[in-house]
Structures are given as C-alpha cells and as structure tokens.
Amino acid sequence: MGLFSVKARANEAPRLVRCETCKYFRNDPAYIEEAFRGLTSFSSGYASARADDGLCTQHDLYLAADCTCPRHKPKSFFRVEERSIR
Amino acid sequence: MSSADMDSRAIARPGTSGWGELWRKEDWWAIWIGLGIVLVAYLLFAQGDSLKWIAVTPAKWSNIGQLMDHFSANILRYVAQLGMWLAIFTAATAVLGHRPRQFIPAFLLLYVISLLIFSLGQWDQANKYNLEPPLVALLVGMLISNLIGLPRWLDAGFRVEFYVKVGIVLLGATLPFTLIVWAGPIAILQASIVSITTFLVIFWTGRALGLDRRLCATLGAGGAVCGVSAAIAIAGAVGAKKEDAPIAITTVILWAIVMIFVLPLVSRALGLPTGVAGAWIGTSEFADAAGLAAAQSYGNLAGQVPGIAGTSDQAVFSFTLMKVVGRDVWIGIWAFVLAIVATTRWEAREVGQRPNAAQIWWRFPKFVIGFVIASAFITWVTAEYSLADYNKTVTPVLVAPVKDLRTWAFIFCFLSIGLTTRFRELASAGRKPFLAFSAGVVINVLLGFVLSAFVFASHWENLTR
C-alpha cells in the first residue's frame, strides 16, 4: 500500500514531491566533495551544516532536499517498484 | 574518483535530517569520539589511573640524541596511540562511507608526518626560527600536495573538518563551563556585530558589481559566518547556481590561508595579549580549522617571546568562544532567514521551496553540543576540588592527557588542510566575486580588531584569570 501511495503522489501531484526523491538530484557527500573541489580543505560533504542539500543536474542548481519542481522525475528505485508491482 | 565512480555514487541519499544523522554526519561522530575519550579519561581518573600513558607527545629536546632517546623509551606508547586513533577513525569513516583500505594508509602517512612536525615544534630553538607546528603542518602539507602531489584516494584520510571537530569537543573538556557562560554573551554580541556588517558589505558590494543575489549571499555567508561550511549551507538554502559554491569556496580558501599567517604576524607586531589576539582571530578568520591554526600558533608564543602577555590556552579559548559560540551556531538561522528572503523577495524559479524553520536544527553544527557537554561534564565532576587540588591532581592526571590528544587532533587537521589544498584544482573565482569578498575582509578585520583590542579588550585579556 505504501508503494502504491508513493507512486500515486509522484504521478498525480509532482509539484508536491521533494527534490530529494528526484533522479536528477544528487546529494551523496562523496559526490558533492568531488563536484565542489576544495570543499574538503575547510569543510566537508558530511557536515551537519550541509543538511541534505544536493545538486540538481537538470537545472544546474544547488538545492535543499525539500525543494519541489514540476519537472520532478522519480528515481529508478520507484520505477523498479512499479514494475515489480505489475 | 572516475566519472563512472561518480555516477555510481550519484544517487540521492535518503534524508539524514532524522535519526540517521547520528551516524551519517561527521559532527555526530566527533561527539561520540570526543565524549568517549573524555569519559574514558574520567573513569581512569576516578580509579586512580590516567589516560596519559597513551596520550604521549614528543618531549622538549635540544639535540637529536635526546629526541631519539625519547622515542626509544616510548615506542610502545606511540604504537598504542596510533592503534587507538586508527581504530576509532577507521570505524567512524567506514560508517560514513569511506573505504578502510584507502583511509588506513592515508592516516598512517598523516600520523608519521604529524609526529615529525610535532617533534620539530618541541625543539628548544623552534620559536627562534618560527617553527610553530600549526604553520609548519600547513606549509608542509601544501608543499606536498602542490609540488609533489599525492593520489587523490589518499584524501580519505585527510579529513580536516572531522579532526577539527574532534579536537574542539576535546577542547571543551579543558574549558571551564563557567567560562562559556561568562564569556559566551560577549562573544555572541561581538560576533553578531561583525558578522552582520561583513555580510551586508559583501552582499551590497557584490550587487553594486552586478553579481547575482544568490552568489552574493553565498559569498557573504562565507565571509561572515563560518567560511566554506556557511557558504555551501547558504548556497543550498537559497538555491544558488552550481558554479556559485565553488566560487565562494575558492575565495574563502585563499583569504583563510592568507589570514592564518597575517593575523598572528600582526598580533605579534602589536604585542597583543593572547586572549585579545584569539578573540580577533575568532572574529576575523573564515574557517574553524584555519583560525585554530592561527590562534594556537600565536598562543604558543606566550612565555617564549617578550612582550606577549597571557597564556597559550587564552588564545585558543577566546578564539573558540568567539568562532564556535559567537558565529558557527547561528548558521541555521542565517540559512532560514535567507531562504525566506530568497523565496519571497528574489526572482521566482521553477524549483521552489517553502522555507522550513526545522533547518535551523538540521544545519546546526552538532559538534558544538559535544563541546558544551564535555565542558559541563568535567566542570561538574571536578567541582569538589579546591583550586590548589585541581591544579595539583586534576590537571596533570585528567585534563592534561585530554589536552595532549586534542593537540594531536589539531595537528592532523592542520596537516590535512595543506594536503587537501591544491591550488590548481580550485575553481576560478573571477574578479568581481573576489573584490566583493575582499571588501568584506577589510571591514571584518578592522572591525574585529577594534572590538577585540579596544571595546572588549579587558574582557578578552582577563579570560581564565
């Protein structure tokens, strides 16, 4: 039931889905440290101050994880779940 | 890391703003490790024992023979200490996602070079040649990374932020809690005056130069709050362009490294008391690690160089109060306020955000909690001792070993700064962002000096007296 409701939210109301669940949103700390060269000299991708922020590779923006966007695309995780449901 | 590796790691992490943060963020690991060490130190102390056997540091020496004798007599202690650091740091970084097979050789290299630098600092002629361990570590690291070059995978062991946070939690155990309560409000007042002024100067200079508002805010936070960490936090809060954060990172790194050398040099030329210099460095440096390097190197001159009043601890304590309590803890509020401004006042974008007050907590530098707990705990368990008994019993058996381990953590940090600062890899900042940031630097340094050396001078000069 939980998976169906996630799928429904993703399809019917994409504006309400957080960027965190978008396939274009990348916030792995190691990825952020690699993308922002020099970050580790005086900070860290693993710092609390960074929260869950990440890079949107569609808009080329650095965003908070709770941003929303009409062009949200669920990550492959959700697509795999859809196939398995069928 | 190859692009294929990057893509494979490029998935979005599940939210770490909940309980997962307890093991997915360096701040919390710094708390577990720092408080763990403090607790073990206390338990040993309570049983009439001490952590000092494993908290070994190089002794003062005047010829190589003395140094060799020290090492041959204490080799087992150094091996045990290396094993302790390796075990706790490898475990923590493995949970964070680093590969132990990369971390372990990197840390071994870090420890060996740190040991050499620490030993050099204990030479009785070191002050004569300005061989302060923090500055030597930084220079040696930068020479290695920029002239010789090391494989990037070794960066797994050069965790600047992690080591400085562990060191600051340990520092809490050596700082009386009453001092935080007494000096904290002044630190907050002074830091707030300088932070707000610096942010506004950078922001409006940037706007006058035609820079984008979000870039101006990112630069402003980098100069006003806590350097690179603040810049990247605000970049995320306001939804900055991908290239904005690297611009801010470059400008902060360049100015932070300049200030590591300039602030202690000017303080020395002016003969500032260590407490005053520490407060000034805490107000006007841009990163915790950089400021600690500057404050510790200046504090080490106390008692060595004529005309510099105060103690080494005063420089480090006043720096920490100013930087950590006065500036760092407010990053969440800066992020929340700027997110509201960006959402309601600046140009709308396709990607939207409803500013959430919870980010004040999400972005809070949690290691500060460990710093305060460590201070409160040691103050509480030693409250029954008179000052004489404290100095005779508690300091050498309980506090001094924790302080020695803190010194190690800071040396790992200072060396890691140098080893991870590769100038050719930094993004080009551009003239306008650099000018805007530099305008803030000038105001920040001057205002910080006036407040530290004149307005609140007696407060900082008498710290811990």
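The values are calculated or read from the model by the stated rules, or taken from the named source; none is laboratory data. Keep in mind it's a predicted model, so treat the numbers as computed, not measured. Note: ideal-geometry Cβ built from the backbone for every residue, glycine included; neighbour counts use all protein chains shown.
Reported count of residues in the range A:25-43, each being assigned to a helix (DSSP H, G or I) and of a type in the set (Gly, Ala, Ser), is 3.
From the set of residues in the range B:259-310 that are touching a helix residue (DSSP H, G or I) at 6+ places or on another chain (Cβ under 6 Å), assigned to a loop (DSSP other than H, G, I, E, B) and not charged (D, E, K, R), which is nearest to B:SER192 (Cα to Cα)? The residue in question is B:PHE286.
So is B:LEU211 assigned to a helix (DSSP H, G or I) and at pLDDT 95 or above or not? Answer is no for this residue.
Selection within the range B:418-432: residues that are part of a helix (DSSP H, G or I) and either among the β-branched types (Val, Ile, Thr) or touching a Leu at 6+ places or on another chain (Cβ under 8 Å) (or both). The member of this set that is surrounded by the most Cβ atoms within 10 Å (Cβ to Cβ) is B:LEU419.
Condition first: facing another protein chain (nearest Cβ under 7 Å), part of a loop (DSSP other than H, G, I, E, B) and under 17 Å from the mean Cα position of the chain (by Cα). Now tell me which residues in the range A:44-58 satisfy that. Answer for the range A:44-58, where residues must be facing another protein chain (nearest Cβ under 7 Å), part of a loop (DSSP other than H, G, I, E, B) and under 17 Å from the mean Cα position of the chain (by Cα): A:TYR46, A:ALA51, A:ASP52, A:ASP53.
Being more than 11 Å from chain A (Cβ to nearest Cβ) and among the hydrophobic types (A, V, I, L, M, F, W, C) is the filter; apply it to the range B:318-329 and report the residue that is surrounded by the fewest Cβ atoms within 10 Å (Cβ to Cβ). Once the filter is applied, the top-ranked residue is B:VAL325. Among the residues of the range B:226-257, those that are facing another protein chain (nearest Cβ under 8 Å), under 20 Å from A:GLN58 (Cα atoms) and in a helix (DSSP H, G or I) comprise B:ILE232, B:ALA235, B:GLY236, B:ALA237, B:ASP244, B:ALA245, B:PRO246. A Cβ distance below 6 Å, combined with a sequence gap of six or more or placement on separate chains, defines the contacts here; from the range B:286-299, residues that are within 14 Å of B:PHE261 (Cβ to Cβ) reach residues that are polar (S, T, N, Q) in the pairs B:TYR298/B:SER267.
Residues are listed down the side, and each one gets a yes or a no for (1) closer than 21 Å to B:VAL140 by Cβ; (2) aromatic (Phe, Trp, Tyr):
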| residue | (1), (2) |
| --- | --- |
| B:SER72 | no, no |
| B:LEU76 | no, no |
| B:GLN81 | yes, no |
| B:PHE89 | yes, yes |
| B:ALA94 | no, no |
| B:HIS98 | no, no |
| B:ARG101 | no, no |
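The set of residues in the range B:342-360 being surrounded by 15 or more Cβ atoms within 10 Å (Cβ to Cβ) and in a helix (DSSP H, G or I) consists of B:ALA342, B:THR343, B:GLN359, B:ILE360.
A count restricted to the range B:300-311 and to residues that are under 19 Å from B:ALA269 (Cβ atoms), in contact (Cβ under 8 Å) with a residue 12 or more places away in the chain and not aliphatic (A, V, I, L, M) stands at 4.
Candidates are the residues of the range B:344-369 that are over 32 Å from the mean Cα position of the chain (by Cα) and at pLDDT 85 or above; the one that is farthest from the other protein chains (Cβ to nearest Cβ) is B:ARG345.
For the range B:220-236, check the following and say yes or no: at least one residue is over 22 Å from B:VAL325 (Cα atoms), crowded, with 24+ Cβ neighbours inside 10 Å, in contact (Cβ under 8 Å) with a residue 24 or more places away in the chain and under 19 Å from the mean Cα position of the chain (by Cα). Before the answer, list the steps.
Filtering the range B:220-236 for residues over 22 Å from B:VAL325 (Cα atoms) gives B:235-236.
Okay, now just the ones that are also crowded, with 24+ Cβ neighbours inside 10 Å, so B:235-236.
Subset that is in contact (Cβ under 8 Å) with a residue 24 or more places away in the chain: B:236.
Those left that are additionally under 19 Å from the mean Cα position of the chain (by Cα): none.
No.
When you look at A:ALA47, is it modelled with pLDDT under 95 and either within 22 Å of B:ALA287 (Cβ to Cβ) or in contact with a Gly (Cβ under 8 Å, 6 or more places away or on another chain) (or both), yes or no? Considered against the rule, which asks whether it is modelled with pLDDT under 95 and either within 22 Å of B:ALA287 (Cβ to Cβ) or in contact with a Gly (Cβ under 8 Å, 6 or more places away or on another chain) (or both), A:ALA47 comes out as no. Checking the condition in a helix (DSSP H, G or I) and away from chain A (no Cβ under 14 Å), which residue from B:LEU67, B:LEU110 passes? B:LEU67 is the lone residue from the list that is in a helix (DSSP H, G or I) and away from chain A (no Cβ under 14 Å).
Look at (1) more than 14 Å from chain A (Cβ to nearest Cβ); (2) under 20 Å from B:ARG406 (Cα atoms); (3) in contact with a Leu (Cβ under 6 Å, 6 or more places away or on another chain) and you find that B:ALA294 fails only one, number (1).
Let's see how each residue does on (1) of a type in the set (A, V, I, L, M, F, W, C); (2) in a loop (DSSP other than H, G, I, E, B); (3) over 19 Å from the mean Cα position of the chain (by Cα):
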site	(1), (2), (3)
B:PHE371	yes, no, no
B:PHE377	yes, no, yes
B:ASN391	no, no, yes
B:LYS403	no, no, no
B:ILE411	yes, no, no
B:SER416	no, no, no
B:PHE434	yes, no, yes
B:LEU463	yes, yes, yes
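Taking the criterion of being within 14 Å of the chain's Cα centre (by Cα) and of a type in the set (A, V, I, L, M), the residues of the range B:260-288 that qualify are B:ILE260, B:ILE281, B:ALA287.
May I ask you to list the residues in the range A:18-43 that are β-branched (Val, Ile, Thr) and either more than 7 Å from every other protein chain (Cβ to nearest Cβ) or over 25 Å from B:ILE333 (Cα atoms) (or both)? Across the range A:18-43, the qualifying residues are A:THR21, A:ILE32.
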